[in-house]
Each structure stands twice: as C-alpha cells, then as structure tokens.
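Take a look at the structure set out below.
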Number of protein chains: 2
Amino acid sequence: MKAEIVSIGDEILIGQILNTNSKWMAEQLNLIGINICQITSISDNKSHIIKALCEASNRADIILITGGLGPTKDDITKNALCEYFDTKLVFNQNVYRNIERFISKRDMDMNNLNKEQAEVPENCKIIPNKYGTAAGMWFEKNNKVYVSMPGVPFEMISMMNDDVISLIKNKFKTPIIIHKTILTQGYPESELAEKLSDWEDNLPQNMSLAYLPSPKNLRLRLSVKGENSELLTKEIDTEIDKLKKQINSYIFGYDKETLQEVVGKLLILNNKTLASAESCTGGNIAQLITSVSESSKYFLGSVVAYSNKIKTSILNVNNNSIEKHGAVSKQVVCEMASGIINSFNSDYAIATSGIAGPSGGTEEKPVGTTWIAVASKDKIIAKKFLFGDNRERNITRASATALNMLRKLILHVND
Amino acid sequence: MKAEIVSIGDEILIGQILNTNSKWMAEQLNLIGINICQITSISDNKSHIIKALCEASNRADIILITGGLGPTKDDITKNALCEYFDTKLVFNQNVYRNIERFISKRDMDMNNLNKEQAEVPENCKIIPNKYGTAAGMWFEKNNKVYVSMPGVPFEMISMMNDDVISLIKNKFKTPIIIHKTILTQGYPESELAEKLSDWEDNLPQNMSLAYLPSPKNLRLRLSVKGENSELLTKEIDTEIDKLKKQINSYIFGYDKETLQEVVGKLLILNNKTLASAESCTGGNIAQLITSVSESSKYFLGSVVAYSNKIKTSILNVNNNSIEKHGAVSKQVVCEMASGIINSFNSDYAIATSGIAGPSGGTEEKPVGTTWIAVASKDKIIAKKFLFGDNRERNITRASATALNMLRKLILHVND
C-alpha cells in the first residue's frame, strides 16, 4: 500500500513557509503501515494540479491533497478536482450549515465567497471540518482513494485524526511497520558504519537501517515491516541488543529523546544538581539544559567565563595555570570544573575551554581544539577534542560531547 | 526560467525530518528571479530517482537535487545519476584530496567508504564541499542543468552560496531583482502594517513589500525588479528613508545582520565591555552574543542564575528583594544587572528574569511575564513584558528584546 502527498500552495514554492503538513501526514501514515512514495509540492495552477494527480495515481493507491480550498480567487483545487474526476460542483446543504455555524460563532456575516465554499464536487464524500469553512473531500476512482483537505495545519490534522485515518484503515488492509531510532553520540559515521557492517549485513530481510548524521548526534533508524506488531517489536529489540553489545556506551537514548532530557532525567532520578562553567560554548550548554521544562529542579546555573579575568575572579582558576598552560588546557578546564562545583555547591559540573574559531587558532592549538571536563565532588574526567573549523558546529559538537560525558560520569560508564 | 527541487531521502518520507533544505533553496532561487515549479521528495530508490528526474526535466530548466550522497549503503544517488546520464563512476583526484584533508583534520583514518566517495560520474563538473566528504555535481543535458548536492543542510547551503547560485546566474539570463530587508524589533506585525499602510500603498509599481515575522524580529523585505541595478538601489534607498522617518528607533539593521552583531559592533566602536545575568533566558543571551566571532573582545561573560541561591550568592541580589517582590520583579532584575556590573566590572549589563513556562505561572504573574533590565555604570532601564505561553518562543523573544534594549541604551535612543 503506497500513498503520495500533494501539497498545493504558492507559499511553499516561494520558500515562505515550511511544509510541516506533509511531515505530519507522512509520520501518521507510516504509523499505520502505509509507505509514502512521494511528496509533491505544486502551485495553485489547475493544469499542474491535474498533471500531478495523474502522475501520483501511477505511483500510489492513496493520494492525500492539501491546500487551495480557501474562499479566495487563487484557490482552485475544487475546480481542478472536478476536471480530473469529470464531474461538477453542486450545492451541499450539510457543508452550508457548517459554514453558517462557523460564521455566526465569530459574529461575522455570510458573504458570497463563503456561500461558494458550500459547493463541492458531485462525486465526493464529505469530511466535516470542525475548525474552518472548507470541507474535506473523499474520492474513489479505479480503486484509488483521493482525499482533499484544507492547508491550514490544525484543520487538516483534526480531519485526519477524526476521520481520514480510520477511513483508510477500513478501506485497505495495511501492513505494519515499526521504526526505532537509536541515538548515539561521539562515534564518527563512517567509522561506525564500518564497525557495524557485519551486523547490518545480517539484519533480517524485512528490516532496514538508515544512518542519520547531524553535528550533535548520529541517529541509526531501524525499520521493520510485517503483520504482527508484537513480533516486529521483538525483532527490533533483538537487533538493538546485538547493537548494544558493540556500541553500548555511545547510545544515549531512543527516538525523540535529547541528550539534555536524558541528563535531566538522570539528575532527577539521583536527586543531584548540576552547574556549568563555559568558555568556548559561551552559554550554549546552559541554554540546552534550560530548554527542558522544569530544569530548575536540578540546574543551579552557569558561569560563562569568556574572559580569563572572569575565569580567575569568579571560578578561582589559578592565574599561573593560564600563564603556563594557556586557557585551552587540561589544567584550566579542570580548575574551571572544580571552581564551579565549589562556588555553586553543585553535585556535578561541566566545563569547556576551546578555540571555536574562525580566529584564535595557533599551530599548536588549531581552531577546533577543545578541552572538556565533567566532574562530581570526588572525580574529574577531562578530554581533548579536535573539532572542525566552523564556529557554530564546534559549539554544537562541544556541547553535545560535554553532555554525553556527563551522562557517562553519572552512569559510571566507560567507553 | 523554472526550477524544480528533488529531495532524496527516506527520512523525509517517513516524516522524521522537516524538509528545510527545499524551503531555503526555494527562497534563494526566488531572490534571483527563478520560479520553483515543483518540489518533489522521494526515497533512496534508484528507479524512482530516475523517474523523478525525467518528470522534472519536462517541467523545469534547472533541477536541484539533494541527498543520498553519504558513504553508507542506503545512499544511491550517484548510481542513479550514472544511469540517468548513461555514464560511469570514475576516481577523482581533487575530491579524494578534499576527503583526505577532511579526515586527517579530524584525526580519523581513511577507510573504504571514504575512498568510494571520491568516485564521481564521469560527465559532471565538481562543486567542492568545504564542510564534508560528499562532492557536489553539476550536469548539463539537453540545455537543462542538474545539480546534485548533499542533504546535510550546511554542506548544501555553502555549496549554493559559494558556487551554485553564481553558476546559475552565469548560465541563464536572470532578470535583475534587488532586495533589501529592513530588520525591526519590538513592533507587533499587525500594528506596524496599519501604521505603514499609506507608505505601502504609495510604493512604486515595480516594488513589492513582504512582512516576514518571527519570534525574534519582524523583517520587511522590499523587492524591486528592473534593468539598471544602480537605479533600482536608489529607488529602494528612497523608500527606506521614508520608512525611517516613521519607525527609526525600531530598525536595528539590514539584510543578514543580527542584533548580536549590531550590539557587538557598537561595543567595539565605543571600546566598551558587556556581561549578562540571566535567569529565564538560561544562557541564551550569552550564547547569542558568543555566536559572533571575536565576541571575546567585548563580552566578559555571564552568570546564568537559575536558582535563587545563585542570584544572592554570586550576583549579590538582596534576599529580602526576592522574598518581598519575587524573583520575577523589577527590583530583582535591577539588582541582577548592578550585581553583574559590579562583580564582572563590565561597562554594560543585561539581566533577565521571567516565567518561560509551561509551568510556574500564577494569576498575578502568568507564564510569559518577563522583566528585562539593561544597565551602564550610571543608568538602569527595566521593563516588564508579557510574552506568550510557549517556552522556546518566550526565551527567544526575551533575548531579542534585551539585546535591542541594550542597543538603544548604547545609542541613547528612546522609543
């Protein structure tokens, strides 16, 4: 069973808005085991709409269409659908009543444009719109299903949730697909791919693997297709168990978790507090941690010690250490970590000192050189990294690396 | 001149990621006068890729392809391109050297997967990848241009900015369009649109205005189309002069400037330093300021005082002030600002204290309530804001508002 999403609207093609509708719909259809074979975004142009529907019907069994159902002149999806299905617009009493109810609730008057919205193609089944005036429409032709919905996200989402998804489930026997994303940090993609190539080659035939890299983590997505969701979940769990034997310490979570959430949960679980002392990350670590709601339960705060004077005056770093080893050194980053634990009286600390770039590099310490320390009251672990030459990504990578080092410290895990 | 964007990658079709690449590319091509006729997202499937390229070539003159160029097994775009262009993969010395440089800079070892990335279709022109190992590729066939780029956003963006856009401009005669974006902060969109409606109605016929709102600012983009770029620039400047007469104090910059860059330049110009004391913004202001290269010249650092204890112990906020007025109050935010000036000995300070949400609100101080103070050694300005109920947007709005208040303080500008 395959589906295609056709998004209609100039605002997508001029790059004014992100196509969040198609992402959401793709996610929902995958959850009921329907593959999306293509997502097509086109403008409000009748002949292009008709062509796109023809092409989609050669690929897919279900075609979900959004957009172009508004009351203004540029909205021509209904006319295109009439031409495609060789039918005409007819007045629909139920749709009219819904528009009337909607308009009166807002103390507005019914105008001709609203009235025209009650005209729908003769051959469709209506899908009610709880949050707007444009009706949804369900068509069937040559064993294919076409669903036309408004482009306004919450109107489309409510139609999908309330009607369309169960109509699709009833109409088609859908296979089951289970996805599980394994979140890793600290292992370069190509090295990991080589390390895991035996495991990947021996995955069950109905299972596939995708590598999804980003500066902050590397996600591995396993997808498995079949008929029994319990069995499929077990199959995936078996493969994850094998994976864990090879790279357990690099796995920090699954699916939509973030490192800052994982660390936050560990701190709450252990009833511990955290503070950070940041130089090269410039507050990014504090910002990540505090992006989690209720982080005030475990995060005391941070000192962003961008100048050396602040490192010595506020964090109590020894001036001699800076003079002898430089600010980007094991000595200084460790003193920053103990300094913040002492001054904030936290259970754990993160400290960073590095050359984010693009300026500030030397032959001995090129741009990207970064020292990171994590500490508890009785232990400090410091490591040196050589990231790249892009300031923003260096900060992102240093922050993710630091959070993952803290996770391992809390869990007493070694690489 | 029409273009089509073809995004390749299962992660888009299963709804795991938003297709931000195609939005960005659509925006950039529109800016040089090229319309996007379709955006097509497909999976890593060879025959589907070839079919999509065929269909795109019937619609568009320029086909921009992203994704599927990684070193792992699911990446098959290069093979599909070879079949489409009836050519074969050949080893490319320059691409190999770039991969080598990239790998050695990261202290990693070259493996077979990396080496395979140096093989490219024989008939393409290479577009260098400054930030990764996958080369970009430029093809020409039957007067159509095809460009294949990595799906990693920053790799694609740098290729487009550094090479692809100017190659397209050279290859095709694109009309002259001049854009100028005026950056404002602190004026609500609907109110500004009303205030500026006379000005907008009287813009020259060849000029158009777009409002581009975001939580951190409101951008007004003027676009003018014609034949003489000098004349067009003058036309735009004339309109901007009229605009300044109405909303000068809200304009903080133009085009790609950011508030943190503007503030940084002002501090360098006046040879002054800055420190921040952040509660609800959680380090976001420090992170914004330090995202600017060489910000260490003026930014001393920040104290993220997430817990009240840190506010009193490190920032010297009076315990009585917190008990009497609450942490989110004029009294406390002013004491935070003077506290950080005293302890860091900076010339200027920013302080924030608010309820970012979703929890923590009360009837008297609902979620979104935020006090912001900016200070010099002899002046403090504090203001109260009521932002919305979304944590992330509240932090973004508070940070932008604080930076703009500081800009006005440095410039002695009043609203």
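At a glance:
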{"item": "DSSP-loop GluC sites (Glu not before Pro) across the stretch B:107-164, with at most 14 other Cβ within 10 angstrom", "result": "B:122"}
{"item": "Across the identical copies, how the residue A:383 labels are spaced - nm, sorted shortest first, 7 Å along Cα→Cβ", "result": "4.5"}
{"item": "Cα-based helix-to-principal-axis angle, B:259-270 vs chain B, degrees rounded to 10", "result": "60"}
{"item": "For residue B:141, net neighbour charge (Lys/Arg +1, Asp/Glu -1) across residues whose Cβ lies under 14 Å away", "result": "-2"}
{"item": "Under 9 Å, Cβ to Cβ, from residue A:372 - net charge with Lys/Arg +1 and Asp/Glu -1", "result": "+2"}
{"item": "Neighbourhood charge, 15 Å Cβ-Cβ cut-off, centred on residue B:100 and excluding it, Lys, Arg +1 and Asp, Glu -1", "result": "+2"}
{"item": "Within the stretch A:338-415, GluC sites (Glu not before Pro) in DSSP loop having at most 16 other beta-carbon neighbours inside 10 Å", "result": "A:363, A:364"}
{"item": "Sorted largest first, extent of the protein assembly as shown alpha carbons per principal axis (Å)", "result": "81, 67, 57"}
{"item": "Whichever aspartates and glutamates have a C-alpha closer than 14 Å to that of residue B:78, once near sequence neighbours (fewer than 8 apart) are set aside", "result": "B:44, B:86, B:116, B:119, B:122"}
{"item": "Average beta-carbon neighbours from other chains, 10 Å sphere, peptide A:188-198", "result": "4"}
{"item": "DSSP-assigned coil residues among GluC sites (Glu not before Pro) in the stretch A:259-315, each with at most 16 further Cβ atoms within 10 Å", "result": "A:294"}
{"item": "Förster radius 25 Å - calculated FRET efficiency between residue A:379 and residue B:112, Cβ distance, rounded to 0.05", "result": "0.05"}
{"item": "Average Cα contact separation per residue, chain A, under 8 Å, 6 or more apart, as relative contact order %", "result": "11"}
{"item": "The stretch A:95-180 - percent relative contact order, Cα under 8 Å, separation 6 or more", "result": "20"}
{"item": "Distances in nm from residue B:242 to the matching label points in the other copies, shortest first (labels 7 Å along Cα to Cβ)", "result": "7.0"}
{"item": "Residue-by-residue Karplus 3J(HN,Hα) for the stretch B:299-304, coefficients 6.51, -1.76, 1.60, Hz, glycine and proline x", "result": "9, 7, x, 8, 10, 8"}
{"item": "Theoretical FRET efficiency, 1/(1+(r/R0)^6), r = Cβ-Cβ of residue B:86 and residue A:86, R0 45 Å, to 0.05", "result": "0.70"}
{"item": "Angle between chain B longest axis and helix B:20-31 axis [Cα atoms, degrees, rounded to 10]", "result": "80"}
{"item": "Aspartates and glutamates with Cα under 14 Å of residue B:265, excluding same-chain neighbours fewer than 8 positions away", "result": "B:257, B:294"}
{"item": "3J(HN,Hα) from dihedral phi, the stretch B:188-205, Karplus parametrisation 6.51/-1.76/1.60, rounded to Hz, x for glycine, proline", "result": "x, 4, 5, 5, 5, 4, 5, 4, 9, 5, 5, 4, 4, 5, 9, 5, x, 4"}
{"item": "Per-pair calculated FRET efficiency, R0 = 22 Å: residue B:389 and residue B:18 via Cβ, rounded to 0.05", "result": "0.45"}
{"item": "Average beta carbon contacts from partner chains per residue of A:40-47, 10 Å cutoff", "result": "4"}
{"item": "Acute angle (nearest 10 degrees) that the helix B:46-59 long axis makes with the longest principal axis of chain B, alpha-carbon atoms", "result": "80"}
{"item": "Shielding of B:102-114 by partner chains, average beta-carbon count, 10 Å", "result": "3"}
{"item": "Burial ranking of peptide ranges A:49-55, A:61-67 (average Cβ count within 10 Å, highest at the top)", "result": "A:61-67, A:49-55"}
{"item": "Set of aspartates and glutamates with alpha-carbon distance to residue A:115 below 15 Å, sequence-local pairs under 8 removed", "result": "A:75, A:100"}
{"item": "Backbone HN-Hα couplings from phi across the stretch B:71-78 [Karplus 6.51/-1.76/1.60, Hz, Gly and Pro as x]", "result": "x, 9, 5, 7, 8, 10, 4, 4"}
{"item": "Built amide H within the under 5 Å cut-off of residue B:253, gap 5+", "result": "B:183"}
{"item": "Exposure proxy ranking, count of Cβ atoms within 10 Å, fewest first, for B:325, B:412", "result": "B:412, B:325"}
{"item": "Simple spin-label estimate for residue B:411 and residue B:237 in nanometres, 7 Å along Cα-Cβ", "result": "1.9"}
{"item": "Choice from B:291, B:41, B:104 showing the highest fluctuation, given a GNM over chain B with Cα pairs closer than 10 Å", "result": "B:104"}
{"item": "Label distances, nm, residue B:330 versus same residue in remaining copies, Cβ-directed 7 Å point", "result": "5.4"}
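Taken together, the values in this text are just the output of simple stated rules run on the coordinates, not laboratory data. Bear in mind the structure is a predicted one, so any value in this text is a computation, not a measurement. Virtual Cβ from ideal backbone geometry, glycine too; neighbours counted across all protein chains shown.
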